Amino acid sequence: VNYSFIGSLQTAQNNLALVSDYATHMKLINEGCQNVDSQEVFAPTTIAAWEAARQNPMAVNSYGVPNYIAYPNTDWFDEIIGNGFQQKHNLSVQGGNEKSNWFVSLGYQDTDGIMNEKGLDSGMEQVQFRTNVEYKVAKWLDMGTRINGVYRSLGMADIANGFEYLH
């Protein structure tokens, strides 16, 4: 009888440098519009209001709402991507005699995933089963069977290779 356990902490290997400042975002959108000879989407006064709010986040706007609430700047990568825990368990039993040999293995893996906001589950759960049975029918003939099975459930936001090609 053998049992093994592996536990590990998962983190993103490459962090995306996203634009988290909305004033900069609006300027980039307008620049893109200029590049294709299209009308700008955001008015300069709107961009200026967001820049002023960023400079003084504790000030209160004309509706009595603090700037950090009325003019939020969010780093979505930090909000959505976190750490995940992965655990793997494996139990196997084997035996036999002169005429037969057998092996049975059961494995379970549970991965939280690093994208763990509500509705963005990037985890995975898997159960696997394996059995090998051999029987010596005659000196010159062995018969046997091997059966394998896997059940896997992936979260809705499977991002297993999402950061693989970033530098």
Sequence-separation-based contact order of segment 29-108, relative, with Cα cut under 8 Å and 6+ spacing, percent: 14 percent
Would you calculate, for the chain, the mean residue ellipticity at 222 nm contributed by helices, counting each DSSP H stretch of 4 or more residues as -39,500 (n - 2.57) and dividing by all residues, to the nearest 500? -6000 deg cm²/dmol
Any chance you could give the angle, 0 to 90 degrees and rounded to 10, that helix 22-35 forms with the longest Cα principal axis of the chain? 80 degrees
Give me the distance between the Cα centres of segment 76-150 and segment 1-37, rounded to whole Å. 33 Å
Longest site-free stretch - the chain; sites: trypsin sites (Lys or Arg not before Pro), DSSP loop, at most 16 other Cβ within 10 Å: 1-98
Report Tyr135's accessible area, 1.4 Å probe, all protein chains in place, as a number in Å² to the nearest 10. 120 Å²
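Pairs of alpha-carbon atoms within less than 8 angstrom and 6+ residues apart define the contacts here; what relative contact order does segment 1-65 have, in percent?
22 percent
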Read-out Cα extents along the principal axes in Å, derived from the coordinates shown; its label in (i) 66, 34, 26; (ii) 72, 33, 25; (iii) 91, 38, 24: (iii)
Point-charge dipole on Cβ atoms (K/R +1, D/E -1) for segment 44-142, about Cα centre, debye to 20: 460 debye
Restricting to Cα pairs under 8 Å and 6 or more apart, the percent relative contact order of segment 9-150 works out to 18 percent
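The values are calculated or read from the model by the stated rules, or taken from the named source; none is laboratory data. Treat the numbers as computed from the prediction; the structure is a model and nothing was measured. Because the Cβ atoms are built from the backbone with ideal geometry, glycine has one as well, and the counts that use them run over all protein chains shown. The protein model used for the area step is the full one, side chains on, heavy atoms only, and it has no ligands, DNA or RNA in it. Shrake-Rupley method; radii C 1.70, N 1.55, O 1.52, S 1.80 Å.
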